[in-house]
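The values are calculated or read from the model by the stated rules, or taken from the named source; none is laboratory data. None of these values were measured; they are calculated from a predicted model. Quick reminder, even Gly has a Cβ in these numbers, built from the backbone with ideal geometry, and neighbours come from all protein chains shown. Keep in mind that these areas ignore ligands, DNA and RNA; they rest on the heavy atoms of the full protein, side chains included. Shrake-Rupley method; radii C 1.70, N 1.55, O 1.52, S 1.80 Å.
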Amino acid sequence: MIFRDTGRPTIDWNFLGTAFVLACIGVLLVYSATYYSNPDLSYATRQIMWVVIGLCLMIAFMIVDYHVLFDVAPILYAIGIVLLLYLLIFGRLTAHVKSWIHIFGFQFQPSEFMKIFTALMVARFFDSNDRAYLDFRSFLTVMGIIGLPVGLIIVQPDFGTAAAFFPLAAVAMFFGGIRAKVWVAMVLAVLIVAPIGWFAFLKPYQKERVLIFLNPERDPLGSGYQVTQAKIAIGSGGINGKGFRHGTQAKLEFLPARHTDFIFAVLGEEWGFIGVVIVLGLYLFLVVQALDFAKHARDRGGTFLIICLISFIIFHVLINVSMQIGILPTTGIPLPLLSYGGSSTMMFFIAIGLIANVDMRRFVNAP
Amino acid sequence: MRVYRDDQKFLQFRINAVLWGIVAAFVFLAGSFWFVQGVQAEKYRGLSEANALREIEILPKRGLIMDRDGKILADNQPAYTLQIDRVVMKPLVKADEQRRAKLLAFLAQVLQRPPAEVQARWEKEAKEVPFTQPFTIADDLSMSQVAAIQAQSIAFPEVNVVPVQRRNYPYGTMAAHVLGFIGEVSEKEIKQNPDLEQGDLIGKRGVELMYDQYLRGRGGAEYWEYDADGRRLSEYVPARKQPVPGDNIYLTVDFELQRRAEQYFAENEMVGSAVVLDPRNGEVLAMVSSPAYNPNVYSKRFTPESWKEITSNPFKIELNRAIQGLYSPGSVFKIVMAMAGLSEGAIHPHTNFGCGGSGHFFGRRFRCWKKEGHGAVDVRRALKVSCDIFFYNTGGRLGVDNIHDYARKLTFGEISHIDLDGERAGIVPSTQWREEHPVRGDKKWYPAETISVSIGQGPLIVTPLQVANMTAAVANGGKVYQPHVVRYVDKVQTDGSYKRFRVPSRVLHEVELSPAALKAVREGLWAVVNEPGGTGSNAFVEGLNIAGKTGSVQVIAYSGWIKATSLPFKLRDHAWFASFAPADNPQVVAVIFIEHGGAGGADAAPLAKLLYESAFRGQVAGSRLDLRNPETLEKIREGEPPLPSPR
């Protein structure tokens, strides 16, 4: 590997700019989805606020050297675990789930920030583990790091968010390295455990979601309704879209959760296939850039930090976009940087900041 | 630098593999969107146009509640509410800044309410109801109001008069505590039941609450087409979803019995309760709690006046005294004492105790209600004349824990699991109970207290339903049924017909009562009503063998023998009468409780007489009917008395 030895941190403006453009598109879509029913524009203005806070956090997480963050990662991780425990004991139920902490009239989900902290812990682990394949002990360690918060989130019980930790485990196994026979053993284990989980742990509403996925006609006005309406919105957008602020599906509230999980359907309706391709292209650019950063990172810890964080974004984008047209079942997984929501907007900006952080310091002499 | 360089190539390879995998996934997604937006666009465009339809909810008809023979006790009546549609209003407001103010003035004038009040409700409703759903601004419009609004319907297209169903109880307060009432769903209830929505009316008490999931039905919807500016065009009929009406419910309550009992309480301005049971299956034939509320008041939006009417009543009209009122059982408890004494061998049918008007037990003097005393009494006569001294002796021999065991077996001290809400368990004292509930730190139960409990006083409190259950168990030989007020649920089927489900009779447990004990107690109870000198002779009905027991409960402790009627109302004794008939083949159990009624024999027993005359209507004069035949009695109760056999 050849390093350009300039000795100064260089910021990749294309990467940050792409993230910012996506966030701006998000604000416009949130505005378009809600201006009719909430004329006070409270959603759009709040989303602008989240983006501004997110940008500040992003800058903060760029300035601090990620090696310093590796050093404090155990403390952050511990704080996250304490918050999750606090939720379990004192949390208020919001829509069947204890995943929100309420302070000063705001609510936030510690599980979102826990994603960052866990990613830092995993990257820190691989920073000092440099074998091509994980041995059994280190495999258990890394699964323990991921499994602890996942366990605490599952008992909330918030399966959607817990599932969002899946990419971390995948990264650990794929990039950490697992031998073929272990893969086979794990696939077998999942095949055995899954039916048990279905009958013993899934709540009826969760089973219902899976069943509707398998058969969308099952409940036309329930969750299947969301997918049907989203598909109508997207399909009726056609190639060119109905135009900004002109989506009837979104305006007349046929489309549920249109400013959060189904914001992509608003995009599809108002901006058409062209808008869809542009936004997908922006995401792809973000991913390709990040993976390129990962290849050129200064050390193994940096590489793994980028891979962990970008894997979150990849996972969210793929799952969310797929569920818009019914390729995957509806889950409460937001679209990175586009969906309305404070915790997730902040968390993705932090992720972007950390990726840029590693990229900035790819030269050994950089401060 | 670490050794990891060796591994770098490996990592690079994996990253590249992932990269190509992701590119493939994005291409696949873009292709899928192309399929939906390019290939199928026309199909979805058509659907989207049909989707510029707004869903307008149609409320289901709530199920009827009827008495056991189908007489309607709760139905639905048409009423008109006034709704505002914000989707229609929005473009109008854009065109005319003063629109809202004009509309408010118009509404205030039509409704004859202060504009501030109309505006306050507007703001409250607008916050709670989703933007696309119309919200209600006024209920129960009069016909002239409807006319005045319809006349302006072109000027104010956002205002709609909407016909709705108003829950109606045609007999007002009749059986109010069994029926319960409905009201608007609360935040808490919505959280508990995801089927409910803001503004839904659901059962809040009684059968309306307990059987709400049957009565509620399922809402339907109409779909109206709107243009891009929110103007309503026409209904899209093929999409209409018909509402499913709620299931109908038949109570076990007999209209005629219920009416008789309530009338008695009303005519005599009495406060209290009456419970009539079928001892063969636990069906509640009548349940009265007087005074009662009018459930119609709750069906409407509360006004300050109607709220005052409910809260200002000093007699706690919402309390269902039959299952929530806790009282000392008084002498009615002597039935339990006699059963316990005979079954445990503390006394025998021929055991005699001498009554001289008072006696000493555990160092204290206790009085019999009769100053002159009853002389030598056995259990039969002790029940008949309600001699206190006899039961003091019995109680002394049994001890409080034996009494507790039998009282518990005979349904006291726990809820009966009747299908009504808010039932209370009462208290049956025992040595263990005293340990858990010490009096000023003293955990010891004193034997002298047992003597008070022996005549149903002391820390022993029961509900009228428990007394009825106990009486039913004695009448049917020891079976304790789960009492219930619903007989059938007629469930609506998909084709609109009804399928009938009978609420099963369940025996909760069976008490072992010796035949000798049953015989002695039943004879004693028969004598109470049918022999000269019995305390319950006011309940006597020619041609019917009624067995019963009177009770009078001291409300305040007074010493000496005084006449209850000389006391002020609130301090007067409570009156009880627990009974069943026919004595040798019990079909009906009637328990009457009158708060501050004075004496059980004088005030409660006459109502039992009326009830039995009503329950066995048609047969009282001609005693030649075969009343031992259950089928005959069933027919009589159904109002079709068979002809007396010519003998």
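Tell me the residue from B:31, B:63, B:70, B:21 that is more than 9 Å from chain A (Cβ to nearest Cβ) and on the phi > 0 side of the Ramachandran plot, please. Let's see the steps before the verdict.
Details: B:31 fails: on the phi > 0 side of the Ramachandran plot; B:63 fails: on the phi > 0 side of the Ramachandran plot; B:21 fails: on the phi > 0 side of the Ramachandran plot.
Just a single option satisfies the conditions, and that option is B:70.
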Residue list for segment B:414-442, filter: in a loop (DSSP other than H, G, I, E, B), free of Cβ contacts under 8 Å to residues at least 40 places away in the same chain and open to solvent by less than 20 Å² (accessible area, probe 1.4 Å): B:428, B:429, B:430
Would you check if there is a residue in segment A:347-360 being more than 17 Å from residue A:293 (Cα to Cα) and outside any helix (DSSP H, G or I)? no
Matching entry among B:496, B:534 (being surrounded by fewer than 18 Cβ atoms within 10 Å (Cβ to Cβ) and farther than 17 Å from residue B:333 by Cβ): B:496
Which condition does residue B:281 not pass, out of (1) over 25 Å from residue B:512 (Cβ atoms); (2) open to solvent by 20 Å² or more (accessible area, probe 1.4 Å); (3) touching a strand residue (DSSP E or B) at 6+ places or on another chain (Cβ under 9 Å), if it passes all the others? (1)
Residue list for segment A:163-179, filter: open to solvent by less than 10 Å² (accessible area, probe 1.4 Å), away from every other protein chain (no Cβ under 14 Å) and modelled with pLDDT under 85: A:164
Please count how many residues of segment B:510-524 are open to solvent by 60 Å² or more (accessible area, probe 1.4 Å), under 11 Å from residue B:477 (Cβ atoms) and assigned to a helix (DSSP H, G or I). 3
Across segment B:52-76, the tally of residues that are open to solvent by 50 Å² or more (accessible area, probe 1.4 Å) and either closer than 23 Å to residue B:141 by Cβ or modelled with pLDDT of 85 or more (or both) stands at 6
All positions within segment B:135-154 that are touching a residue at least 40 places away in the same chain (Cβ under 8 Å) and surrounded by fewer than 16 Cβ atoms within 10 Å (Cβ to Cβ): B:139, B:140, B:146, B:152
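Out of all the residues in segment A:217-228, which are modelled with pLDDT of 70 or more and more than 9 Å from every other protein chain (Cβ to nearest Cβ)?
Residues of segment A:217-228 modelled with pLDDT of 70 or more: A:226-228.
Matches in segment A:217-228: A:226, A:227.
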Any idea which residue in segment A:310-367 is surrounded by the fewest Cβ atoms within 10 Å (Cβ to Cβ), counting only those that are within 14 Å of chain B (Cβ to nearest Cβ), β-branched (Val, Ile, Thr) and within 19 Å of residue A:265 (Cα to Cα)? A:327
Given the criterion touching a residue at least 24 places away in the same chain (Cβ under 8 Å) and in contact with a Leu (Cβ under 8 Å, 6 or more places away or on another chain), identify the matching residue among B:356, B:363, B:325. B:325
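Looking at segment B:77-90, can you tell me whether even one residue there is at the interface with chain A (Cβ under 9 Å from one of its Cβ atoms), surrounded by fewer than 20 Cβ atoms within 10 Å (Cβ to Cβ), more than 30 Å from residue B:173 (Cβ to Cβ) and in contact (Cβ under 8 Å) with a residue 24 or more places away in the chain?
Start the filter on segment B:77-90 by keeping residues that are at the interface with chain A (Cβ under 9 Å from one of its Cβ atoms), which leaves B:87, B:90.
Checking the rest, the ones that are also surrounded by fewer than 20 Cβ atoms within 10 Å (Cβ to Cβ) come to B:90.
Filter once more, so that each one left must be more than 30 Å from residue B:173 (Cβ to Cβ): B:90.
If we keep only those that are in contact (Cβ under 8 Å) with a residue 24 or more places away in the chain as well, we get B:90.
Yes, that holds for at least one residue.
For (1) within 14 Å of another protein chain (Cβ to nearest Cβ); (2) among the acidic types (Asp, Glu), each residue gets a yes or a no:
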| position | (1), (2) |
| --- | --- |
| A:13 | no, no |
| A:22 | no, no |
| A:27 | no, no |
| A:33 | yes, no |
| A:45 | no, no |
| A:55 | no, no |
| A:58 | no, no |
| A:65 | no, yes |
Among residues of segment B:235-273 being under 23 Å from residue B:317 (Cβ atoms) and of a type in the set (Ser, Thr, Tyr), the residue most open to solvent (accessible area, probe 1.4 Å) is B:264
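Mind checking whether some residue in segment B:282-289 is among the acidic types (Asp, Glu) and not in a strand (DSSP E or B)? Talk me through it step by step, then tell me what you get.
We begin by selecting, within segment B:282-289, every residue among the acidic types (Asp, Glu); these are B:283.
In the following step, the residues that additionally are not in a strand (DSSP E or B) were identified as none.
No, because not a single residue in segment B:282-289 is among the acidic types (Asp, Glu) and not in a strand (DSSP E or B).
Out of contact with any helix residue (DSSP H, G or I) (no Cβ under 7 Å at 6 or more places or on another chain), open to solvent by less than 50 Å² (accessible area, probe 1.4 Å), closer than 17 Å to residue B:103 by Cβ and touching a residue at least 40 places away in the same chain (Cβ under 8 Å), is that true of residue B:159?
Working: out of contact with any helix residue (DSSP H, G or I) (no Cβ under 7 Å at 6 or more places or on another chain): no; open to solvent by less than 50 Å² (accessible area, probe 1.4 Å): yes; closer than 17 Å to residue B:103 by Cβ: yes; touching a residue at least 40 places away in the same chain (Cβ under 8 Å): yes.
No; evaluated as a whole, the condition is false for this residue.
Only one residue in B:329, B:314, B:295 is surrounded by 24 or more Cβ atoms within 10 Å (Cβ to Cβ), within 28 Å of the chain's Cα centre (by Cα) and over 21 Å from residue B:578 (Cβ atoms), so which one is that?
Only one candidate passes the filter, namely B:295.
Could you please find all residues in segment B:378-393 being among the hydrophobic types (A, V, I, L, M, F, W, C), buried (at least 24 other Cβ atoms within 10 Å of the Cβ) and either in contact (Cβ under 8 Å) with a residue 40 or more places away in the chain or not in a helix (DSSP H, G or I) (or both)? Spell out the reasoning first.
Pass one, segment B:378-393, residues among the hydrophobic types (A, V, I, L, M, F, W, C): B:379, B:382-383, B:385, B:387, B:389-391.
If we keep only those that are buried (at least 24 other Cβ atoms within 10 Å of the Cβ) too, we end up with B:379, B:382-383, B:387, B:389-391.
Matches in segment B:378-393: B:379, B:382, B:383, B:387, B:391.
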Please work out if residue B:47 is within 44 Å of the chain's Cα centre (by Cα), surrounded by fewer than 19 Cβ atoms within 10 Å (Cβ to Cβ) and not acidic (Asp, Glu). no
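For segment B:157-199, name all the residues that are assigned to a loop (DSSP other than H, G, I, E, B) and under 30 Å from residue B:91 (Cβ atoms).
Initially, segment B:157-199 is screened for residues assigned to a loop (DSSP other than H, G, I, E, B), giving B:157-158, B:169-175, B:180-181, B:185-186, B:193-199.
B:157, B:158, B:197, B:198, B:199 - these are the residues of segment B:157-199 that are assigned to a loop (DSSP other than H, G, I, E, B) and under 30 Å from residue B:91 (Cβ atoms).
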For segment A:229-257, how many residues meet the condition of being open to solvent by 30 Å² or more (accessible area, probe 1.4 Å) and at pLDDT 75 or above? 6
Going through (1) in contact with a strand residue (DSSP E or B) (Cβ under 9 Å, 6 or more places away or on another chain); (2) of a type in the set (S, T, N, Q); (3) over 19 Å from residue B:350 (Cα atoms) one by one, residue B:402 fails only at (1)
Being in a helix (DSSP H, G or I), open to solvent by 10 Å² or more (accessible area, probe 1.4 Å) and facing chain B (nearest Cβ under 10 Å) is the filter here; which residues of segment A:281-309 pass it? A:281, A:284, A:288, A:292, A:295
